[in-house]
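**Q** Please see the structure below; I have some questions.
Any read-out appearing in this document is the output of simple, stated calculations on the displayed coordinates, not a laboratory observation. Here the structure is a predicted model, which means the values were calculated and not measured. Because the Cβ atoms are built from the backbone with ideal geometry, glycine has one as well, and the counts that use them run over all protein chains shown.
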Amino acid sequence: MEKLILVSHGGFSKGLKESTEMILGPQDYLYAVSLNPEYGEEEFISKFDEARKEADSVVVFADLLGGTPCNAVSKLIMQGEDIELYAGMSLPMVITYINGRMIGEKANIIEKSKEYVVHVNEMLASFDEDE
């Protein structure tokens, strides 16, 4: 079984999971692991290991490149763990990944996610210019 695990500082990953499931419905392979202020990297890794139990493959989206959640998973990769890790997670990124999985295609989540970064003021201004 494949698992998609969202890792973050604080409750960001849990909120992103809730928002994703509000839009797409429950996803039984989607997990969230948070680094909370009251515990350190060891506790985080313990929670991460619990989330990835019984997984054939693990894909991880981290909130911030260079942050403790991303670094902790990076250390596991450097120790030989087979984990696919992406940093800079967002709601469009998670939805793109899950949609690709639903239709049986591996989406280019990095390129696709970039499409969702839009300066809305400029977009709206271009509509005014077209009229």
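**Q** Could I have the simple spin-label model distance between Lys14 and Met1, label points 7 Å from Cα toward Cβ, reported in nm to one decimal?
**A** According to this spin-label approximation, the distance is 2.1 nm.
**Q** Using Cα pairs under 8 angstrom and six or more residues apart, how large is the relative contact order of the chain, in percent?
**A** Contact order relative to length: 24 percent.
**Q** I'd like the orientation of helix 120-130 relative to the chain: the angle between its Cα long axis and the longest Cα principal axis, in ° from 0 to 90, rounded to 10.
**A** Its long axis makes an angle of about 20 degrees.
**Q** Something else about it: With +1 on each Lys and Arg Cβ and -1 on each Asp and Glu Cβ, and nothing else charged, work out how big the dipole of the chain is about its Cα centre, in Debye to the nearest 20.
**A** 400 debye
**Q** Which of Gly100, Gly80, Gly88 moves the most in a Gaussian network model of the chain with Cα springs under 10 Å?
**A** Gly80
**Q** While we're on this one: What residues have an amide H closer than 5 Å to that of Ala62, excluding those fewer than 5 places away on the same chain, when H is modeled at 1.01 Å from N in the peptide plane?
**A** It is Val7, Tyr86, Ala87, Gly88, Met89, by chain and number.
**Q** Just the projected area, averaged over all directions, of the convex hull on the alpha carbon atoms of segment 2-130: how many nm²?
**A** 9.6 nm²
**Q** A further question on this structure: Can you give the local net charge around Glu43? Use residues other than it whose beta-carbon is closer than 12 angstrom to its beta-carbon, Lys and Arg +1, Asp and Glu -1.
**A** Local net charge: -4.
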